[in-house]
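These notes concern the structure reproduced below.
The values are calculated or read from the model by the stated rules, or taken from the named source; none is laboratory data. Please read these numbers as outputs of a predicted model, since none were measured by experiment. Ideal geometry is used to build each Cβ from the backbone, glycine not excepted, and the neighbour counts take in all protein chains shown. These area figures cover heavy atoms from the full protein model, side chains too; ligands, DNA and RNA do not enter into them. Shrake-Rupley method; radii C 1.70, N 1.55, O 1.52, S 1.80 Å.
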Amino acid sequence: MNIVVVSAGLSSPSSTRLLADRLAAATLQHADAETEVIELRELATEIAQHFVTGFPPARLAAALDAVAAADGLIAVTPVFAASYSGLFKSFFDLIDKDALTGKPVLLGATGGTARHSLVTEHALRPLFAYLRALVLPTAVYAASEDWGEEGLAQRIARAGAELARFTAPAAVPGAGSAPDVDTAAAIAPRSPTGAITSVDPAHGFVTVPFEQRLAALRVP
């Protein structure tokens, strides 16, 4: 299993890369996988060249191929003007329109203040939904004051466990000893209505009939 980590941090070291590394480490605690890190700051010139020439230089082509071939993706960006960075968006603008279809993606972002904590929901999640990726329920935002706090560590651990579960090979039901299939559709936990959920299916689901809920509201 191969997990590709895309970090759009602009400095070295950067909090964006630190968050990306911690998300990858949390995933590897629950999965036997290899990771490959793509630092977009090292590809900035190649990305610009691709836009004006229409042809990706070799290093950029290898990075785009790695993302397309990955079993799962971790994508982390710093916040600029209340959204993802231009470098981050430019890279994913170059991804083939079908490359992320059904691929589990764990989202992360970093910023200087908690005021940007919803950037993962109003900017990142719609972008990857448009690319038809399987965006995981838990996204992780880290403000400057979050580092070293227990809450951030808990969110990272939960997100890593989700990515490991969504990317782990799962056997096709009734296939006996048939080869495993590595597909998110086969292992994504779902509620009885079919909605994707972060609840572990092993814990089961309790469904209360609607009529019973109404009866509980009636005045004696």
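A few comments on the model shown:
- Net +/- balance of residues flanking residue 147 in space, Cβ distance below 15 Å, scoring K and R +1, D and E -1: -2
- Integer Hz, Karplus 6.51/-1.76/1.60 couplings in order for region 55-63, x for Gly and Pro: 10, x, x, 4, 5, 5, 4, 5, 5
- Ordered from highest to lowest accessible area with the whole protein assembly present and a 1.4 Å probe, 32, 71 read as 32, 71.
- The string of couplings for region 80-86 from the Karplus curve (6.51, -1.76, 1.60, θ = phi - 60°) is 10, 6, 6, 8, 5, 6, x Hz, one whole number per residue in order, with x for Gly and Pro.
- Considering only alpha-carbon pairs that sit under 8 angstrom and 6 or more positions apart, the relative contact order computed for region 1-79 is 51 percent.
- Radius ratio Rg over Rh of region 1-136, counting only Cα atoms, Kirkwood formula for Rh: 0.94
- Cα centroid separation - region 16-61 against region 67-134, whole Å: 12 Å
- Rounded if a/c under 1.5, otherwise prolate or oblate - region 67-134, Cα gyration tensor axes: prolate
- Ordered by 1.4 Å accessible area with all protein chains kept, 89, 103 run largest first as 89, 103.
- Most to least accessible of 117, 12 (protein chains only, probe 1.4 Å): 12, 117
- Surface accessible to a 1.4 Å probe, per residue, for the residues of region 1-152, Å²: 45 Å²
- Residue-level accessible surface for residue 83, protein heavy atoms, 1.4 Å, Å²: 30 Å²
- The portion of the accessible surface of region 62-114 made up by carbon and sulfur, rounded to a whole percent, is 55 (1.4 Å probe; DNA, RNA and ligands excluded).
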